[in-house]
1. Which order do peptides 95-108, 5-18, 23-36 fall in by mean Cβ count within 10 Å, highest first?
2. Report the FRET efficiency, 1/(1 + (r/R0)^6), for His85 and Asp43, where r is their Cβ-Cβ distance and R0 is 35 Å, rounded to 0.05.
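A short reminder: the numbers here are calculations on the coordinates, not readings from a lab. Note that the structure is predicted; figures quoted are calculated from it, not measured. Note that each Cβ is placed from the backbone with ideal geometry, even for glycine, and that neighbours are counted across all protein chains shown.
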Amino acid sequence: MSDPSKIKSDSEWRAILSPEQFRILRQKGTEPAGTGKYEHSKDQGVFTCTGCGTPLYKSSTKFDSGTPSLFDIRPPAIPGAVSRHEDRSFGMSRIEITCTACGGHLGHVFKGEGFRTPTDERHCVNSVSLNFVEDNKV
């Protein structure tokens, strides 16, 4: 369920997000492949929503796949932080993931790709949608 204190109008979001952050978080855009700032990061900590600061993923769920990829365990590492929605854009059916608190677009879930994750899922998350807080700074 969204957090009413983190819901904003488009004009409010435009005032606090960069144009690229707004395009991805609020207009469901995608950053170009291979450009993610967290793609090769091995640091320990928590990934938070760029829009509202809500903790979304623990770094222990990040893995190498050629894109900024994370997985969600059952039960989730941070319960209720990430919501799933059916996305039927571009003539296909996918699972979109959003920040539960503010509704910001994070990316999509892909299943059955053979990655060695506990759920055989890859959360392909736009780095622009995330900030990172190291464990010793949480």
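1. Details: 95-108: 22.6, 5-18: 12.6, 23-36: 15.5.
Ranked by mean Cβ neighbours within 10 Å, highest first: 95-108, 23-36, 5-18.
2. Numbers: r = 29 Å, r/R0 = 0.84.
Using R0 = 35 Å, I get an efficiency of 0.75.
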